[in-house]
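Quick notes on the structure that follows.
The values are calculated or read from the model by the stated rules, or taken from the named source; none is laboratory data. Just so it is clear, the structure is predicted and the values come from calculations on it, not from any experiment. Cβ coordinates were reconstructed from backbone atoms using ideal geometry, including for glycine residues, and neighbour counts include every protein chain displayed.
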Amino acid sequence: MMKLYTKITTFLLLLVMFSLSAQEYDDARYNVVLKQLKLNSSEVHNQLYTEKKMPNLEDSYIIVVPLLLGKFENDGFLVKNTILITDSEGKIKSKYIDETEFDSDAIRLNSFVIDTGFYRLNSTIRAFGITANYQGSSKPNPYSSSDISLYYPEGKTFKKILDNYNLRTYRGEWDMNCSGEVEEDNSVIILDKTETNGFANLKIKTENIKKFTNEINGDCRENKTSKFSYKTLKFNKTIYK
């Protein structure tokens, strides 16, 4: 039984399905947004463009506009995000130009996903996240990762308070048949009751999983180990470290 092959194939299929679902957006709102930004669609990586309704603000949508830096190539590209809050028709309420450049080459940038989880940093500020998802192209050495940044609205712009923090990494090596090993780190952000400089500390809970497979008497056997670790990020008046 090819247990490792099945699990890796299933993982990659789910990742692709998840990435595709993240690309859905309203065409009319998209056109209004690009018109206000004085952009045409050739200047935007449209497969990475995404939006999501804000649960805590009426008639408000978070929109990520990935601007191409240079020419798009199938084997690589570079983007920089303009992040917006708009109304349902696409009229811009808030705008932020993120200076982070996202590179896609052998490790391909697959999607941006907007996270509107309950990131209540203090009594008045609720943040949202944008996760960049990457996927490698090597079947013998599968790889994927997810990095999250956190922002909160301030007037007609945003403040970025967490910069590309790694939440998940999946890496492995196998013989395309049975024998191999996989290591995976999965982290969750927990808001702590303790504050630093007026913002809740972020407690990071990470599970490290290691899986080893080998063939025994024609059967593909798996051994798995798992352990948890914790760290705390504190707000230093500018960003979480």
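Table: residues versus (1) assigned to a strand (DSSP E or B); (2) within 22 Å of S137 (Cβ to Cβ); (3) touching a Leu at 6+ places or on another chain (Cβ under 9 Å); (4) modelled with pLDDT under 95.
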position: V33; (1), (2), (3), (4): no, no, yes, no
position: P66; (1), (2), (3), (4): yes, yes, yes, no
position: S88; (1), (2), (3), (4): no, no, no, no
position: D103; (1), (2), (3), (4): yes, yes, yes, no
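Out of (1) farther than 20 Å from Y134 by Cα; (2) under 20 Å from the mean Cα position of the chain (by Cα); (3) not aliphatic (A, V, I, L, M), the odd one out for Y49 is which?
Just one mismatch for Y49, condition (1).
Within segment 195-235, track down each residue that is under 22 Å from N166 (Cα atoms) and either exposed (fewer than 12 other Cβ atoms within 10 Å of the Cβ) or in contact with a His (Cβ under 7 Å, 6 or more places away or on another chain) (or both).
T225, S226, K227, F228, S229, Y230, K231
For segment 119-153, give me each residue that is free of Cβ contacts under 8 Å to residues at least 40 places away in the same chain and assigned to a strand (DSSP E or B).
Result: A127, G129, T131, A132, Y134, G136, Y143, S145, S146, D147, Y152.
Any residue at all in segment 47-62 that's among the aromatic types (F, W, Y), modelled with pLDDT under 95, closer than 24 Å to R108 by Cβ and surrounded by 13 or more Cβ atoms within 10 Å (Cβ to Cβ)?
Looking only at segment 47-62, we keep the residues that are among the aromatic types (F, W, Y), and these are 49, 61.
Retained after the next criterion (residues that are modelled with pLDDT under 95): none.
Looking through segment 47-62, none of the residues is among the aromatic types (F, W, Y), modelled with pLDDT under 95, closer than 24 Å to R108 by Cβ and surrounded by 13 or more Cβ atoms within 10 Å (Cβ to Cβ).
Give the residue that is nearest to F128 (Cα to Cα), with candidates limited to residues of segment 98-115 that are charged (D, E, K, R) and surrounded by 15 or more Cβ atoms within 10 Å (Cβ to Cβ). Talk me through it step by step, then tell me what you get.
Our first condition is that a residue be charged (D, E, K, R); within segment 98-115, this holds for 98-99, 101, 103, 105, 108, 115.
If we keep only those that are surrounded by 15 or more Cβ atoms within 10 Å (Cβ to Cβ) too, we end up with 98, 108, 115.
On the way: D98: 14, R108: 24, D115: 6 Å.
By that ranking, first place goes to D115.
When segment 83-97 is examined, which residues are found to be within 17 Å of F158 (Cβ to Cβ), buried (at least 18 other Cβ atoms within 10 Å of the Cβ) and either small (G, A, S) or in contact with a Lys or Arg (Cβ under 7 Å, 6 or more places away or on another chain) (or both)?
L84, I85, T86
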